[in-house]
Amino acid sequence: MKGKKGIIFGALDENSIAWHVARKCVAEGAKITMTNAPVAFRMGKIEEMAASIGAVAIPADATSITDLENLFQESMKILDGKIDFVLHSIGMSINIRKAREYDDINHEWMLKTFDISAISFHKVMQTAVKLDAMNEWGSVLALSYIAAQRTFPYYGEMAESKALLESFARSFGYHLGKSKKIRVNTISQSPTNTTAGSGVKGFEYFYKYTQNMAPLGNADADSCADYCMMMFTDLTRMVTMQNLFHDGGFSSMGMDPSIMNS
């Protein structure tokens, strides 16, 4: 990672996967800026965490093109050049926060969920293209979840958000690959004990279920950070438009006799 420059979206506190990624990238020689929505700066510890690794935290609403333009422009000034990698680790559902059942969803809130959790990914990439903010052979990565392919009843409209997120990676991956040799991928991570993840109804039960079902158990935030960092390096420069499962093998399992007999 030495010499590489990146922007990390989504760190809120020490439990955030984005924080694990930021910390490891800097430890391996990268220079980064960190960002989250302005409200997260009031709720979390992002400025304090960024300062602890010599990074700068820049407030930006990822649904706002104006904020994103400022973020990329300021990051290029701070980092003295174009960006090599971006992590999109953003997700929020008001319906989940307010415990609305899937068959009684507030559709205005659903649209907000899509904008924050998925459409923001498109906005980030579109802004980067318009500002010519990324180097050739750069890497753009977003965190997803297997609910994009399978049914998890308590995951609400976040399931559709993740499906849209993965579709954007494939569609924009084509355009960025053709124009700038930039790769775009998503990582479908195990259920992880983060502030956001633990807010999903029944989280503790399906965390235990996937822990038992996956041959290697659930992948934790630290190992997810390792995988993300690998995707930012030149070692994966020919991997693009993929949804990569990082879940201890859960995504390939059909049944496990030990669980059936318990």
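Throughout, read-outs are computed from the coordinates displayed, never taken from laboratory work. Remember, predicted model here, so these are calculated numbers, not experimental data. Here the Cβ positions follow ideal geometry from the backbone for every residue, glycine too, while neighbour counts run over all protein chains shown.
Quick rundown of the values:
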item: P(r), alpha carbons of the stretch 159-262 - 5 Å bins starting at zero, rounded %; result: 2, 11, 17, 20, 19, 13, 9, 5, 2, 1, 0
item: Value of [θ]222 nm, deg cm²/dmol, for the chain, DSSP H segments ≥ 4, -39500 (n - 2.57) each, nearest 500; result: -12500 deg cm²/dmol
item: Distant-in-sequence amide H partners of SER188 (H built 1.01 Å from N, under 5 Å); result: SER144, LEU244, PHE245, HIS246
item: Over the chain, relative contact order from alpha-carbon pairs under 8 Å, at least 6 apart, %; result: 19
item: Estimated FRET transfer efficiency (ASN212, ALA99; beta-carbon r; R0 30 Å; 0.05); result: 0.70
item: Loop trypsin sites (Lys or Arg not before Pro), the stretch 69-159 (other Cβ atoms within 10 Å of the site Cβ: 15 or fewer; DSSP); result: LYS98, ARG150
item: Nearest-0.05 FRET efficiency for GLU136 and ARG170, computed from C-beta distance (R0 25 Å); result: 0.80
item: Kyte-Doolittle mean at least -0.5, axial Cα span of 24 Å or more - DSSP H helices of the chain; result: 158-180
item: Cβ charges +1 (Lys, Arg) and -1 (Asp, Glu), total dipole of the stretch 102-183, debye; result: 580
item: Computed lengthening from LEU244 to ARG150, 0.36 nm per intervening residue step minus Cα-Cα distance; result: 32.3 nm
item: Solvent-free Debye scattering, log10 I(q)/I(0), computed from the Cα coordinates of the stretch 1-102 at q = 0.13, 0.19, 0.22, 0.23 Å⁻¹; result: -0.44, -0.88, -1.14, -1.23
item: Kirkwood Rh in Å, taken over all unlike Cα pairs in the chain; result: 18.5
item: Cβ-placed point charges (K, R +1; D, E -1), dipole of the chain about Cα centre in debye, nearest 20; result: 600
item: In the stretch 128-166, the chymotrypsin sites (Phe, Trp or Tyr not before Pro) that fall in loop regions by DSSP, at most 12 other Cβ within 10 Å; result: none
item: Of HIS88, HIS246, HIS175, the one that fluctuates the most in a GNM where the chain has Cα springs shorter than 10 Å; result: HIS175
item: Label-point gap, in nm, between SER258 and ILE53 - each point 7 angstrom along Cα→Cβ; result: 3.3
